[in-house]
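Written out below as structure tokens is the structure these notes cover.
The values are calculated or read from the model by the stated rules, or taken from the named source; none is laboratory data. Just so it is clear, the structure is predicted and the values come from calculations on it, not from any experiment. Side chains included, ligands, DNA and RNA excluded: accessible areas come from the protein's heavy atoms. Shrake-Rupley method; radii C 1.70, N 1.55, O 1.52, S 1.80 Å.
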Amino acid sequence: MQATDILMQEHEVILRVIDALEIETDRLAAGQAVRPGFFLDAADFIKGFADGCHHKKEEGVLFEAMVGAGLPRQGGPIPVMLAEHEQGRVFTRGMRDAANRLAAGDGAARADLVNNARGYVALLRQHIDKENGILFPLADQVIPVARQAQVAEDFERVEHEETGEGVHEKYLALAEALEREARS
């Protein structure tokens, strides 16, 4: 399996959580009672899986391999993806802060929570489309075939050494729980 296939499979998990987040955000925006902890759990998933597991592979391994294969570090698609990763972190922090305020009884936090959650959902959908449709095919094209196997091995190293044993599985279970809650 190519390294980009691994990342696209992880995108599928992230998109499932994005769908659940959008459902709960729409409910919150419509004035329905929504558990603030849902958004805290979603922020934990985003920080731990999307940013912790997934972006570590992209930023620390794939993007570096692409630069090593001749793509510019400045200009081109890599700085755009990095900027979008950072914007996602900003939305996630805002979502977490607003969810904590809402849980503490601050009704005004509802609008902030909706805005940050919707911002994250919109950003990530278009970001994933760009990575799946443009960046990953480009990576497959520019990274030499012999190097691609090393990139996949480096993903495994990140998963085990930097992320930690069982962390990936923990976040897959959290994704399923968020989906179930949004469907109920």
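How much of the calculated P(r) for the chain lies past 30 Å, in percent of all Cα pairs? Within the chain, distances greater than 30 Å cover 22 percent of Cα pairs.
Here the contact order of the chain, divided by its residue count and restricted to Cα pairs under 8 Å and six or more residues apart, works out to 41 percent.
In the chain, the calculated helix contribution to ellipticity at 222 nm averages -23500 deg cm²/dmol per residue, counting -39,500 (n - 2.57) for every DSSP H run with n ≥ 4. Surface composition of segment 41-184: carbon plus sulfur atoms contribute 55% of the solvent-accessible area (1.4 Å probe, protein chains only, all chains present). Solvent-accessible surface of segment 77-173, averaged per residue with a 1.4 angstrom probe and all protein chains in place: 50 square angstrom.
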